[in-house]
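The values are calculated or read from the model by the stated rules, or taken from the named source; none is laboratory data. Just so we're clear, the structure is a prediction, and the values are computed from it rather than from any experiment. All Cβ positions, even for glycine, are placed from backbone atoms using ideal geometry, and neighbour counts span all protein chains on display. Areas reflect the complete protein model, heavy atoms only, side chains present, ligands, DNA and RNA absent. Shrake-Rupley method; radii C 1.70, N 1.55, O 1.52, S 1.80 Å.
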Amino acid sequence: MERKRVVITGLGAISPLGLNVEDTWQGLLQGRSGVVTITQFDASPYPTRIAGEVRGFDPTTYIPFKEARRMSRAAQFAVAATQEALSAAGLEPPLGEKAGVLIGTAVGGMEWLVEQTDALRQHGLSRVSPFTVPAALANMPGHHVSHWAQALGPISTVVTACASGTQAVGEAAEFIRRGAAEVMIAGGVEALVIEVAIAGFCAMRALSTRNDEPERASRPFDVARDGFIFSEGCGVLVLENMEHAIARGAPILAEMLGHASSSDGFHMAQPDPEGRGAARAMAWALRDAGLRAEQVDYINAHGTGTPINDVIETRAIKDVFGPHAHSIPISSTKSMIGHAMGGAGAIEAVVCALSIRDQVIHPTVNLEQPDPQCDLDYVPEGPRHANVRTTLSNSFGLGGQNACLALGKFER
C-alpha cells in the first residue's frame with residue numbers, strides 16, 4: 001500500500017528571539033542572540049548566570065487568567081505556539097476526531113513541584129495547590145493544546161530529553177501515515193529556566209560560564225566553546241495528510257519526508273565517542289525519506305557548543321555523508337537561542353521548514369576560530385541564500401537518545 005504523504009501547513013514558535021515565528025526567524029537571519037543575564041531568579045551564587053530567556057510573554061494574551069494560573073509555563077508556551085500554527089494553517093477549533101496532538105518535552109512543569117515543595121515546607125499542607133501534580137506532569141502541554149483546539153483524535157507525549165521535540169514531530173507523522181489522523185499538532189516545549197535546573201547543569205559542568213558577554217557565550221564548533229546555554233521555548237508544526245491539505249486549499253510550506261530515532265546504549269550523560277548512535281539516526285532518517293546522502297542540501301545541527309558533542313556530531317556527519325559532508329551547509333540554531341531541551345528540536349524543525357520556504361540558511365554565530373576537529377561548512381559568515389530542497393535536523397539527548405527529521409520542498 002502506498003504510504004500517505006505528510007505536509008507541513010502551519011508553524012508556531014515562542015523563543016528567546018521572539019514570541020512568534022517571523023520574529024524568531026528574522027532574529028536568526030540577522031545573527032542576533034537571545035542569550036541574556038538570567039532575570040527569572042537570582043543566579044548570582046552560580047558559575048553560570050546567563051540563559052536564553054523568553055521575554056515579554058504574557059500568558060493571558062492567549063489564555064484566560066484563571067486557566068493560565070493553573071498551567072505550567074511550558075503548557076502556556078505550547079498553547080500560544082499552537083494558536084499561531086493553526087492560524088497560519090487556516091484551521092480553527094474545534095478540530096474534531098480526525099485531528100491529534102503529539103507534544104514532546106524533557107520535563108514539563110517541574111517548576112510547580114519546586115514551588116509547591118517550598119510552600120509545603122514553609123506553610124504546611126494548607127498552602128499546597130490542588131493543581132500541583134497535574135500541572136507538573138509532562139503530558140499536560142499536550143492536554144492543554146488538545147483542550148484548546150478540541151483536537152479529539154490520538155494524543156501522546158514524547159519524553160526523550162533533548163530529542164523530545166524532534167522525535168515528537170516524526171512520530172506525529174506516523175499517525176497520519178497509518179490513517180489514524182488527518183491533522184496532527186506536533187512539536188516540543190520546555191520552560192525550565194529555574195534555579196534547580198541551572199544548579200544541576202552547573203554541577204555537571206555542562207554550561208558556559210562566559211557571563212560577561214552573554215550574546216557571545218554560545219559558540220558551537222568554535223575552539224573556545226566552553227559549554228551550552230540553557231534556554232526555553234516552543235515550536236509547533238501543523239502536519240496534514242497531503243490530500244486533506246490540498247482539498248481545503250491549505251498553504252503547504254514543506255513535506256515531512258522521513259524520520260528516525262536511535263539509542264547510543266552507552267552512557268546516561270555522555271554520547272558514544274564514535275558517534276555511532278547519531279550516525280544511525282541520520283542514516284535511518286535518510287532511508288525512511290528515500291533520500292541519497294548527496295541529495296541533502298542543509299543540516300540543522302544539534303550544535304550545542306559543548307567540547308565533546310560538537311566533535312562527535314561532526315564525526316557522525318562525516319560517517320554518514322562521506323566526501324559530500326564537506327559540501328553541505330550546516331548551522332546551529334542554538335548559537336543564538338541556546339538549548340531549549342525538549343523544545344529545541346521542534347524549533348529547529350520550524351527553522352528547516354522556513355529555510356525551504358525562503359531558500360536561505362541562517363548562520364552559526366560566534367564561530368570565530370573553528371576547532372580543527374570541526375572542519376565542515378558551518379555557515380559562519382552570515383545568512384546564505386541557497387537552493388534548499390531537502391534538510392536534515394539532528395537532536396541528541398541525555399540517555400543516548402538520538403532523533404533526526406528529513407524535510408523537503410513540496411512537489412505534487
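Give me a comma-separated list of calculated 3J(HN,Hα) values for the stretch 6-23, in order, Karplus coefficients 6.51, -1.76, 1.60 applied at θ = phi - 60°, integers in Hz, x for any Gly or Pro.
Each residue of the stretch 6-23 in turn: 10, 10, 9, 10, x, 10, x, 8, 10, 8, x, 9, x, 9, 7, 5, 5, 5 Hz.
Restricting the calculation to Cα positions, tell me the Rg (one decimal) and the Dmax (whole number) of the stretch 128-284 in Å.
19.0, 54
What is the pair-distance distribution P(r) of the stretch 245-337, computed from all Cα-Cα distances in 5 Å bins starting at 0, with each bin given as a whole percent?
In whole percents, the pair-distance histogram is 2, 12, 19, 22, 18, 12, 6, 4, 3, 1.
Given R₀ = 56 Å, FRET efficiency for Arg32-Leu125 by Cβ-Cβ distance, to 0.05?
0.75
Using just the Cα positions, wrap the stretch 36-83 in a convex hull and report its mean projected area in square nanometres, one decimal place. List each step's numbers first, then the result.
Values: hull surface 16.0 nm².
About 4.0 nm², averaged over all directions.
Would you mind pulling out the separation of the Cα centroids of the stretch 223-250 and the stretch 62-87, in Å?
The two parts, judged by their Cα centres, are 17 Å apart.
Ranked from highest to lowest mean number of other Cβ atoms within 10 Å per residue, what is the order of the peptides 204-217, 104-117? Can you show the working numbers first?
Working: 204-217: 17.6, 104-117: 23.0.
In descending order of packing, they fall as 104-117, 204-217.
Using modelled backbone amide H atoms (1.01 Å from N, in-plane), which distant-in-sequence or interchain residues come within less than 5 Å of Val158's amide H?
Counting only residues 5 or more places away or on other chains, the set is Ile103, Gly104, Thr105.
Which percent of Cα pairs goes in each bin when the distances of the chain are cut into 20 angstrom slices starting at zero?
30, 59, 10, 0
Just Gly31, Gly400, Gly249 to compare: in a GNM of the chain, with alpha carbon springs under 10 Å, which one fluctuates most?
Greatest mean-square fluctuation among the candidates belongs to Gly249.
Through the Karplus equation 6.51 cos²θ - 1.76 cosθ + 1.60, θ set to phi - 60°, convert the phi angles of the stretch 141-148 into ³J(HN,Hα) values in whole Hz; use x for Gly and Pro.
Each residue of the stretch 141-148 in turn: x, x, 4, 5, 4, 4, 5, 5 Hz.
Give me a comma-separated list of calculated 3J(HN,Hα) values for the stretch 215-220, in order, Karplus coefficients 6.51, -1.76, 1.60 applied at θ = phi - 60°, integers in Hz, x for any Gly or Pro.
5, 10, 7, 7, 10, x
Please provide three numbers in whole Å: the alpha-carbon extents of the stretch 1-55 along the principal axes, with the largest listed first.
60, 27, 16
So what's the stretch 294-412 giving for Rg/Rh, alpha carbon basis, Kirkwood Rh from the mean inverse pair distance?
For the stretch 294-412, the value is 0.93.
Give, in whole angstrom and from largest to smallest, the semi-axes √(5λ) of the equivalent ellipsoid of the stretch 76-147, with λ running over the eigenvalues of the Cα gyration tensor. Working shown, then result.
Numbers: eigenvalues 202, 24, 21 Å².
The three semi-axes for the stretch 76-147 are 32, 11, 10 Å.
Excluding residues fewer than 8 places away in the same chain, name every one of the lysines whose C-alpha is closer than 28 Å to that of Lys334.
Lys318, Lys409
When the Cα centres of the stretch 343-358 and the stretch 94-114 are compared, how far apart do they sit, in Å?
20 Å
Taking only protein heavy atoms into account and a 1.4 Å probe, give the accessible area per residue of the stretch 273-321 in Å².
37 Å²
Enumerate the amide H contacts of Val223 below 5 Å, restricted to partners 5 or more residues apart or on another chain; note that Pro and chain-start residues carry no placed amide H.
Gln369, Asp371
Using mean Cβ contacts within 10 Å as the protection proxy, how do 13-24, 121-132 order, highest first?
Details: 13-24: 23.7, 121-132: 10.9.
Final packing ranking: 13-24, 121-132.
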